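Q: Please read through the structure below; I'll follow up with questions.
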Amino acid sequence: MKRLVPLLAAAGLMATALPWAASSQASAAQTPEYLRQKPTWQRCSPDKPEVVECATLKVPLDYQHPEGRMLDLAISRMKSGDPAKRRGVLLVNPGGPGAGGLYRTIRTDREMPKDVRDHYDLIGFDPRGVGESSPVTCGLNRDERGIGGAYRPETFASDVAWARGIADKCREKSGDVLPHITTRNTARDIDVIRAALGERTISYLGYSYGTYLGAVYSQMFPQRTDRFVLDSGIDPQRVWRGMIQVWGTGAEPAFERWTRWAAERDDYYKLGATPQAVADTFWALVARADREPFLYNGQRMTGDTIREEPSLYFSPHEASVGIKGLKAAADKAAQPPGGTNDPAGKAPLGTPRAGGPSVGRPEPTTASDDAPDDNAMAAYWSVVCGDTDSWPRDPGQYARDAAQDKVKHPLYGDFASNIKPCAFWQRPLEAATPMKTRAAVLTVQNEWDPQTPLTSGQGLHAALRGSRMVTALGAEGHGAYLATPTACANIPVNAYLTTGRLPAQDVSCQNPPPSTEPGQGHGG
C-alpha cells in the first residue's frame with residue numbers, strides 16, 4: 001500500500017476517487033476515537049532510569065458506552081536494544097488483583113537474557129483502577145483491609161457484618177466505578193494499548209492473576225494474541241471463590257511434605273522424629289495458643305494466627321524455622337515471670353512469601369504515592385467479586401461450607417470458605433469469560449507454588465486448548481520464569497519467546513534444590 005501511494009499521486013489520481021480508498025477512510029472514521037489515540041512518551045520520573053518512558057492513554061469506563069466517562073491508563077515502555085531483531089511489544093503484568101505493573105518492565109529488563117530481550121519493546125501498565133490508572137477507593141480503614149479470618153460459630157455474625165460493611169462502603173464510595181473494574185475490561189484496555197502502539201498483535205508475560213488476565217485476552221482477542229507466557233496459573237474454572245479455597249486444599253500436600261522434611265532433620269529442629277510426630281507438635285502448638293495466646297516478636301499469637309499463613313508450609317525450611325521459633329516462644333511464655341519473650345532464631349512467619357504481589361494476597365501498589373491507602377484492596381474486591389456471579393448470596397452457605405472445610409482441610413479450609421464481601425456485592429455486568437477458543441500459549445508452573453498451587457496451574461493448562469505446560473519439579477515460590485538465573489523454566493520459556501515455537505509436548509524439568517539444610521540460608 002505504501003508503494004502504491006506515490007504512484008497514484010504521480011498519475012494525478014485522487015485517492016478519494018477510488019472506491020477502495022473511500023471504503024478505507026469510512027472504516028477509519030468508524031473506528032472509536034480511543035482506538036486511534038497515540039501515546040505521548042516522556043521520562044517517567046527523575047528516580048527512574050531515563051530509558052523508561054511513560055505515557056497516559058484514555059479508556060472508556062464502560063465499553064458499552066464509550067462516549068461516556070473515561071479513565072486514565074498509565075503505561076510505560078523500554079525499547080528493544082536491537083531494532084534489527086525487534087519483533088514487537090511484550091506486555092508484562094506481575095499479578096494482583098490490585099497490584100500495579102507500571103514499572104515491572106525495569107525488573108524484567110534486568111533479568112531477561114539480552115538475546116531474548118532484544119526481540120521486544122517491554123510495556124508495563126497499571127491496570128484500570130490501580131496506582132496511576134484512575135485509582136479506586138472504598139474508604140476502608142486499616143482494620144477493614146483483609147480477606148477474612150477463621151470460621152468460628154460464635155464469631156460468624158461479626159464476620160457477616162464485616163463482609164456486608166465492606167460491600168456497603170465500596171458501593172457508597174465508588175459504586176458507579178467499581179462494577180467496571182473487571183478482568184474483561186482490563187483485557188479490553190490491553191487491546192487499546194496494542195492499538196495505540198500501532199501493533200497488529202501483542203506478546204505477553206503474565207504472572208499469577210496476570211495469567212487469568214492473559215487467558216481472558218486470548219479468548220476475547222484471539223487474532224491479536226502472539227507469544228503469551230502465563231506463569232503461576234489461575235484455573236479459570238475456580239474464578240474466584242475456588243481460587244481462595246484452593247489455598248485450603250493445596251496447602252495439605254505441602255504440609256505433609258513439610259512434616260516428612262522436618263522429621264528427617266529432627267536432630268536440628270526438634271519437632272518430631274516421624275511425620276506424624278511433627279504434625280502432632282504443630283497441632284499441639286495450635287491448641288495451646290488457642291487456650292493461652294502468647295507473644296511472638298510483639299504479635300499476639302493464637303491458633304488462628306498460626307494457621308493463617310498456609311503459604312509457609314510450601315517451604316519446608318521456612319516452616320521448620322518458623323514453628324521451632326513459635327514453639328520456643330510458647331514454652332518461654334509458660335515459664336515463671338522473668339526475662340523477655342523474644343526467643344532466638346526468629347521465624348519468617350507472617351512475612352510476605354516470595355514472588356511479590358499475588359492472587360488473593362493484595363499488597364499496596366507502589367505505582368503512585370497519590371493512590372488511596374486502600375487502593376489495592378478496593379481494586380482486589382472489584383475484580384474478585386465483579387468477574388463472576390458464582391458467589392453464594394446466602395450467608396448460611398458460607399457457614400456450612402467453612403464448617404465442613406475446617407474438618408476436611410484443617411490447616412486453612414475454614415479461612416478460605418468463610419464469608420467474603422462478594423456475598424453482598426453488586427451483580428456483575430458481564431458473565432465470566434468462557435475458555436472455548438484455541439490458544440497456543442505457554443503456561444509455566446512451580447511444583448510447590450504457595451499462592452497458585454500446582455492443581456491450579458494444571459487447570460489453566462487444561463482450560464486453554466492448544467497450550468503447552470512447563471512444570472518445574474521441586475521448585476518452590478510464586479513465579480517460575482526468571483525467578484533465579486538457574487530456574488529450569490528459563491530455558492523453554494526463552495526458546496518460546498525467541499522463536500515463537502511451542503514445545504512439541506508438555507515439559508517437566510528439575511529445578512536445582514534450594515539451600516535448605518539446617519544452618520544454611522534459604523536459597524529457593
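Rule-based calculations on the coordinates, nothing more; no lab input. This one's a predicted model, so the numbers in the text were calculated from it and none came from an experiment. Ideal geometry is used to build each Cβ from the backbone, glycine not excepted, and the neighbour counts take in all protein chains shown.
Q: Run through segment 115-202 and list the trypsin sites (Lys or Arg not before Pro) located in a DSSP loop whose Cβ has at most 15 other Cβ atoms within 10 Å.
A: The qualifying sites are ARG200.
Q: For segment 242-333, with only Lys/Arg (+1) and Asp/Glu (-1) charged at the beta-carbon, what is the dipole magnitude about the Cα centre, in debye rounded to 20?
A: That gives a dipole near 200 debye.
Q: Can I ask one more? What distance in nm lies between label points placed 7 Å from Cα along the C-beta direction at ALA284 and GLU33?
A: For the pair ALA284/GLU33, the computed spacing is 7.2 nm.
Q: Looking at PRO395, SER456, LEU326, which one has the Cα that reaches farthest to the positive end of the dipole of the chain (charges on Cβ: Lys, Arg +1; Asp, Glu -1)?
A: Most positive-ward Cα: SER456.
Q: Any idea what log10 I(q)/I(0) is at q = 0.11, 0.14 Å⁻¹ for segment 242-333, Debye with uniform C-alpha scatterers and no solvent?
A: Taking Cα atoms of segment 242-333 as identical point scatterers yields -0.29, -0.48.
Q: Anything over 25 Å Cα to Cα? Flag those among LYS270/LYS332; LYS38/LYS79; LYS58/LYS79; LYS169/LYS420; LYS79/LYS436, in the order listed.
A: Beyond 25 Å: LYS79/LYS436.
Q: Which aspartates and glutamates have a Cα less than 18 Å from the Cα of LYS327, not counting those fewer than 8 places away in the same chain?
A: ASP266, ASP267, ASP280, ASP290, GLU292, ASP304, GLU308, GLU309, GLU318, ASP342
Q: Using the Cα centre as the reference, give the magnitude of the dipole from point charges on the C-beta atoms of the chain (Lys, Arg: +1; Asp, Glu: -1; all else neutral), rounded to the nearest 20 debye.
A: It works out to roughly 1400 debye.
Q: Another question, if that's okay. How compact and how long is the chain, expressed as Rg and Dmax of its alpha-carbon atoms in Å?
A: 25.1, 102
Q: For the chain, which span is the longest to avoid every loop-located (per DSSP) member of GluC sites (Glu not before Pro) having at most 11 other Cβ atoms inside 10 Å?
A: Result for the longest clean stretch: 68-524.
Q: On a 0 to 90° scale, report how tilted helix 209-220 is relative to the longest principal axis of the chain, with both axes built from alpha carbons and the result rounded to the nearest 10.
A: Compared with the principal axis, the helix lies near 40 degrees.
Q: Note down the nm distance, to one decimal, between modelled labels 7 Å out along Cα→Cβ at GLU111 and at TYR268.
A: So the label points at GLU111 and TYR268 sit 2.6 nm apart.
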